[in-house]
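Q: This is the structure, below, for whatever I ask next.
Derivation of every value follows stated rules applied to the coordinates shown; laboratory data play no part. This is a predicted model, so every value here is computed, not measured. Positions of Cβ are backbone-derived with ideal geometry, glycine not excepted, and every protein chain shown enters the neighbour counts.
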Amino acid sequence: MTQTSSLSNSTTAESAGKELRTKDFVEINARYCAPTHAPIPIVIAKGRGAHVWDVEGNEYIDFLSAFSVVNQGHCHPRIVEAMLEQCPQLALCTSALQNKTYPLLCKKICDLLGYDLASSMSSGSEAVDLAIKIARKWGYNVKKIKPGQAKVLTVTGNYHGKTLGPLSGSSTEAIKEGKTNSLHIRPFLPNVGPDVTGFPVRFNEIDDMEKAFSSSGDELAAVLIECVQGAGGCLPAEPGYLQAVQDLCSKHNVLFIADEIQTGFGRTGALMAFQHDNLKPDLVIVGKALTGGQYPMSLVLGNKTVMTQIKAGQHSSTYAANPLASAVAIAAIDVTLSENLPERSQRLGAELMKRLSSITSPHTDLKVTGKGLFCGLHFDESHSFGRVTAQRLSALVMKRGVIAVAAQNKLRVAPPLTISEEDLWKGVDIIEQALKDLLDTQEV
């Protein structure tokens, strides 16, 4: 009854021309919006560069970048200009027809990364689904895997998305089933996941990978892997690990698929994270920062033999390959290159790792992982007081003007690559002071 009354008051306020405030939007969200992420009680109204403002005008330094979407900064003027220029001309054109913008995007990114063909979807999860379909088709048609036996191997700790295909490849039960483990989603997609060879293959454990290939190499169509795990805590591959995985793939005729959805376009200090190891994956999946946060789009890239396993009419989507997203993506790539964002991320990321590693607390052991401006602060949350946690630190720094989101015991520090050094170090200072205050503070 109280909620209904409050919502009625909010609606009355809106119709009377009064500006709705945070509590009003939070109530409307709770009433009408199905759950996605755990709701943070900040309602963002505007973003520019590395700053966002809530509906009450409070300003924050953004250390999340919409999970590595706005690498180029919020509302980058050149990307916005490209969107506004294309929008009144043609926004959507079914892929049954052709438009003049999408082919230019595909040529641009294929030339840039050294691939023959690209295929568009709208989200990262959809692109992972497409990559799985391509890999299975290739496994049957080219590798001649027995019908129904083609496997796509992932590793533990991954995050490839939340539609059924990538979710099937996850090892994180909290995402797959929720805390109740209610089995409401099962069965998942068969033969996709870190345990398709009979045991969970761990990230950064090459012995696990060798064992998996030894037992099931004939049935493996592909290995799908993040070169730096995002949800795993911005956790990079150990030196030599990815090369060893690719060597195993080459030896056993298995596709090596790099998921660059979170790590692409300069986030880790290279244009693509696989380039740190001088690798050439068979398929590359990109999304998020591909369009700088202005419009959803993803791509799968590969060479002709692999990409043409899916024939015309076998995979498409209403908004895939549309000219508006394509124009935005071209501009976002141009910004990434012309402003030297990968190099900037590499330089500032090295300094950020050192600075975060210098932070200590008598109430928890901290570990810092990351590459470029893609860092995670890991907490030992076993202290008897139970107050020095990543979640509480996240809540406190948000009250003090920094958007930094925690997942389990990890706080992510991943600002836009365009962030000023002044804002970067100001945000880190706020994190350090908040950690000192966390045990005794009553702010959260």
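Q: Can you tell me, using C-alpha contacts under 8 Å and at least 6 residues apart, the relative contact order of the chain as a whole percent?
A: It rounds to 21 percent for the chain.
Q: Then there is this: Give, as a single signed number, the net charge of other residues whose beta carbon lies under 10 Å from the beta carbon of P194, with Lys and Arg counted +1 and Asp and Glu -1.
A: Around P194, the surrounding residues sum to -1.
Q: Once all Cα-Cα distances of the stretch 77-338 are split into 5 Å bins that start at 0, what whole-number percent is in each one?
A: Percent of pairs per bin, in order: 1, 6, 13, 18, 19, 16, 12, 8, 4, 2, 0, 0.
Q: Relative to the longest principal axis of the chain, what angle (0 to 90°, nearest 10) does the C-alpha long axis of helix 241-252 take?
A: Between the helix axis and the principal axis of the chain, the angle is about 30 degrees.
Q: Which ³J(HN,Hα) values, rounded to whole Hz and listed in residue order, are derived for the stretch 152-158 from phi using the Karplus coefficients 6.51, -1.76 and 1.60 in 6.51 cos²θ - 1.76 cosθ + 1.60 with θ = phi - 60°, glycine and proline given as x?
A: 10, 8, 10, 10, 5, x, 6
Q: With a ≥ b ≥ c taken as the square roots of the eigenvalues of the C-alpha gyration tensor of the stretch 241-343, please select rounded if a/c is under 1.5 and otherwise prolate if a/b is larger than b/c or oblate if it is not?
A: oblate
Q: Restricting to bridges with both residues inside the stretch 77-338, how much of the DSSP beta-bridge set is antiparallel, in percent to the nearest 5?
A: 50
Q: With the chain treated as a Gaussian network of Cα nodes joined by springs under 10 Å, which of A96, A118, A244 yields the largest mean-square fluctuation?
A: A96
Q: Follow-up. Considering only the chain, what is the antiparallel percent among its DSSP beta bridges, to the nearest 5?
A: 70
Q: Please list the non-local residues whose amide H lies under 5 Å from the amide H of A407, H modeled 1.01 Å from N, same-chain partners needing a gap of 5 or more.
A: Answer set, sorted by chain and number: R412.
Q: Give me the dipole magnitude in Debye, nearest 20, for the chain about the Cα centre, with unit charges on the beta carbon: positive for Lys and Arg, negative for Asp and Glu.
A: Dipole of the chain, to the nearest 20 debye: 1020 debye.
Q: Continuing with the same structure: Among I134, I185, rank each residue by its count of other Cβ atoms within 10 Å, from fewest to most, as a rough exposure measure.
A: I185, I134
Q: Now for a different question. Show the residues, 5+ positions off or on another chain, whose built amide H is closer than 5 Å to the amide H of D116.
A: The list, which skips near neighbours in sequence, is G302, N303, K304.
Q: Related question: Could you work out the relative contact order of the stretch 191-273, using alpha carbon pairs under 8 angstrom and six or more residues apart, expressed as a whole percent?
A: Averaging sequence separation for qualifying contacts and normalising by length gives 27 percent for the stretch 191-273.
Q: Taking amide H positions as placed in the peptide plane 1.01 Å from N, state which residues far from V43 in sequence (5 or more) or on other chains have amide H under 5 Å from it.
A: V55
Q: Now a separate question. Quick one: what does P(r) look like for the chain with 10 Å bins over all Cα pairs, in whole %?
A: 4, 20, 29, 27, 15, 5, 1
Q: Continuing with the same structure: Work from the charge dipole of the chain (Cβ charges, +1 for Lys and Arg, -1 for Asp and Glu, about the Cα centre) and give the residue of L220, L366, I430 farthest towards its positive end.
A: Value computed over the given set: L220.
Q: Also, quick follow-up: Before rounding to the nearest 500, sum -39500 (n - 2.57) across all DSSP H runs of length at least 4 in the chain and divide by the residue total; then give [θ] at 222 nm in deg cm²/dmol.
A: That calculation yields -11000 deg cm²/dmol at 222 nm.
Q: Among the lysines, which have Cα under 28 Å from the Cα of K354 when same-chain residues fewer than 8 positions away are ignored?
A: Straight-distance partners of K354: K288, K367, K371, K399, K410, K426, K436.
Q: Relative to the first principal axis of the alpha-carbon coordinates of the chain, what is the inclination of helix 421-437, with its axis defined by its Cα atoms, in degrees from 0 to 90 and to the nearest 10?
A: The answer is roughly 70 degrees.
Q: What ranking do F199, F67 get, fewest neighbouring Cβ atoms within 10 angstrom at the top?
A: Sorted ascending by nearby Cβ count, the order is F199, F67.
Q: Next question. For the stretch 131-212, just say rounded, prolate or oblate: build the C-alpha gyration tensor, square-root its eigenvalues into a ≥ b ≥ c, call rounded for a/c under 1.5, and beyond that prolate if a/b exceeds b/c, oblate if not.
A: Oblate shape, in that a/c is at least 1.5 and b/c is the bigger or equal ratio.
Q: Okay, next question. Could you list K410, K100 in order of exposure, starting from the residue whose Cβ has the fewest other Cβ atoms within 10 Å?
A: The order, fewest Cβ neighbours first, is K100, K410.
Q: Does the stretch 186-256 come out rounded, prolate or oblate by the C-alpha gyration tensor, with a ≥ b ≥ c the root eigenvalues, rounded set by a/c under 1.5 and, if not, prolate when a/b is larger than b/c and oblate if not?
A: Because a/c hits 1.5 or more and a/b fails to exceed b/c, the stretch 186-256 counts as oblate.
Q: While we're here: Top mean-square fluctuation among S65, S216, S119, Gaussian network model of the chain, C-alpha springs under 10 Å?
A: Result for the chain, Cα springs under 10 Å: S216 fluctuates most.
Q: Go through 18-30, 422-434 and give me the packing order, highest mean Cβ count within 10 Å leading.
A: Highest mean packing first, the order is 422-434, 18-30.
Q: Also, quick follow-up: ³J(HN,Hα) across the stretch 220-225 via Karplus (A = 6.51, B = -1.76, C = 1.60, θ = phi - 60°), whole Hz, x for Gly/Pro?
A: For the stretch 220-225, the Karplus curve yields 7, 8, 7, 10, 10, 8 Hz.
Q: Pop out the ³J(HN,Hα) list for the stretch 56-63 in order, Karplus 6.51 cos²θ - 1.76 cosθ + 1.60 with θ = phi - 60°, rounded to Hz; leave Gly and Pro as x.
A: 9, x, 5, 9, 10, 8, 8, 9
Q: Once both axes come from the Cα atoms, what is the angle between helix 2-15 and the longest principal axis of the chain, in degrees from 0 to 90, rounded to 10?
A: Taking Cα atoms only, the helix is inclined about 90 degrees.
Q: Which of the listed residues, L271, L248, G169, is farthest toward the dipole's positive end in the stretch 77-338, when Lys, Arg count +1 and Asp, Glu count -1 at the beta-carbon?
A: G169
Q: Here is a follow-up. How far apart, in nm, are two points set 7 Å out from the Cα along the Cα-to-Cβ line at S358 and at K211?
A: If labels sit at S358 and K211, their model points lie 4.2 nm apart.
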